[in-house]
Each structure stands twice: as C-alpha cells, then as structure tokens.
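The numbers here are math on the coordinates, done by the rules we state, and not lab data. Since the model is a prediction, treat every value here as computed from it, not as a measurement. Cβ atoms come from the backbone with ideal geometry, glycine included; neighbour counts cover every protein chain shown.
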C-alpha cells in the first residue's frame with residue numbers, strides 16, 4: 001500500500017511519505033543501530049486530515065408558528081477533525097435559553113421560535129486544512145395577528161373617509177371589512193368611503209386572516225357618524 005509513495009533516506013534516517021491517505025494515520029517506529037552503541041527504538045505518530053466537503057443543513061420542520069414551535073437544524077459534512085459554526089444571515093448565531101448547540105456543534109435547536117429567529121441559516125465547517133459552507137436554509141415564522149383598536153370619526157355629509165387596518169402578521173394577512181356586521185365589497189387593508197352620506201354611518205370593523213395559521217381576528221369597531229357625534233368612547 002506504500003509502493004511508489006515512500007522513500008527512506010539512509011544517510012539521515014529520514015522517511016518521506018507522499019500522497020497521504022487517511023489510512024496512513026497511526027504510530028510509526030524506527031529502530032536505530034549505531035555502529036558502537038546500544039540498540040535504540042523511537043516511536044512517533046501522526047494523523048492525516050480529510051478536507052471538508054459536502055456540507056449540508058437538514059431542517060427539522062418548515063412549518064413554524066411564533067411561540068408555539070421549535071426547530072432542530074442538523075449539519076452534516078464529509079471530512080475529519082471538524083469544527084462547526086452556525087450563521088443566521090451574516091451573523092453568528094448567539095446562544096440563549098432558547099437557542100442551543102449540541103452534538104459537537106453540528107445541531108442547532110431553537111425552542112419557542114419568535115419572528116426574530118426568521119432568516120437564512122447556514123453551517124460553516126472547518127478543519128486545519130480546509131473549510132466550506134452549506135447552502136442556506138430559510139426559516140419562515142408564521143406570526144399571530146395583532147390588530148389595533150380603531151378610533152371613532154365624525155364627518156360632514158359629502159366628505160371622503162379613509163380607514164386603515166394595520167396588522168402584524170406573517171405571512172401577510174388577508175382583509176375583509178364590515179359595517180354593522182355586514183360584509184362590505186372589496187378587500188385590502190384600506191377602506192375608502194367617497195362622498196359619504198348619513199346611510200353610511202355606523203360601526204366599521206376589519207377582519208384579518210392568517211392563511212398559514214388558519215386564524216381570524218376582528219378589530220374593535222370604529223364608529224363613523226355623518227353630521228353627528230361619535231357614539232362611543234375613543235380608545236387608543
């Protein structure tokens with residue numbers, strides 16, 4: 001197995017081994033027999049290092065809900081004497097009570113994910129002779145709906161009104177507007193009332209739907225009075 005790869009230099013006692021293989025790792029002995037001295041034996045060892053290659057991250061789950069899901073990412077790689085470093089986008093992952101690294105650094109676990117855990121995760125693997133990085137894996141966190149309380153309005157007949165429904169949601173929410181509980185035509189986060197008249201007075205509310213979490217949330221009503229006073233207390 002060493003044919004063509006090994007040379008012994010008798011003048012110096014040096015041994016040269018070329019084109020190293022993983023199987024060359026181990027203990028080597030040399031016997032020294034001086035002309036006028038006792039027999040001596042020396043023992044030395046060395047280890048070969050296989051370059052890093054085929055770095056890959058495997059996600060444990062792709063369907064994550066904020067504060068309700070946990071995720072486990074596993075990094076696999078060919079090579080020897082490996083060190084692992086986890087990255088979220090361009091920043092090193094910071095450990096906390098929720099974020100833990102195990103299995104010699106090859107496994108990243110995030111418990112009770114939040115929207116701030118979302119991003120592109122990659123694994124950087126290195127050893128003394130090489131390094132490589134995996135392709136990124138995207139963690140997408142579905143977030144709960146958070147609707148504000150809309151204020152009350154009063155306007156003169158013929159005025160134009162714009163109501164905006166602002167919601168925090170991942171993925172983006174779908175919207176539906178209501179007047180006194182009756183569905184209004186059109187969808188979207190903004191409702192425009194042009195040339196308003198008294199028949200359009202009433203309690204307006206918006207409903208947001210998160211298609212990932214399959215959840216609805218309806219805002220508190222916003223009272224619009226035409227040529228009248230606001231009928232409910234203004235809340236912020």
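Here are some notes:
- The chain: Rg to Rh, with Rh as the Kirkwood radius over Cα pairs: 1.41
- Largest to smallest principal axis extent of the C-alpha atoms in segment 6-46, angstrom: 38, 19, 9
- Segments 50-58, 176-184 sorted - mean Cβ within 10 Å per residue, highest first: 50-58, 176-184
- Here the peptides 199-208, 101-110 are ranked by packing, the mean other Cβ count within 10 Å, and the order with the highest first is 199-208, 101-110.
- Sequence ranges 90-96, 133-139, 70-76, ranked by mean other-Cβ count within 10 angstrom, highest first: 70-76, 133-139, 90-96
- Based on alpha-carbon atoms, the Kirkwood radius and the radius of gyration of segment 33-115 give Rg/Rh equal to 1.38.
- Residues 225, 172, sorted so that the one with the fewest Cβ neighbours within 10 Å comes first: 172, 225
- Volume per residue of the C-alpha convex hull in segment 144-226, rounded to whole Å³: 76
- Label reach from residue 32 (point 7 Å along Cα→C-beta): in segment 5-25, amide nitrogens under 20 Å belong to 7-17.
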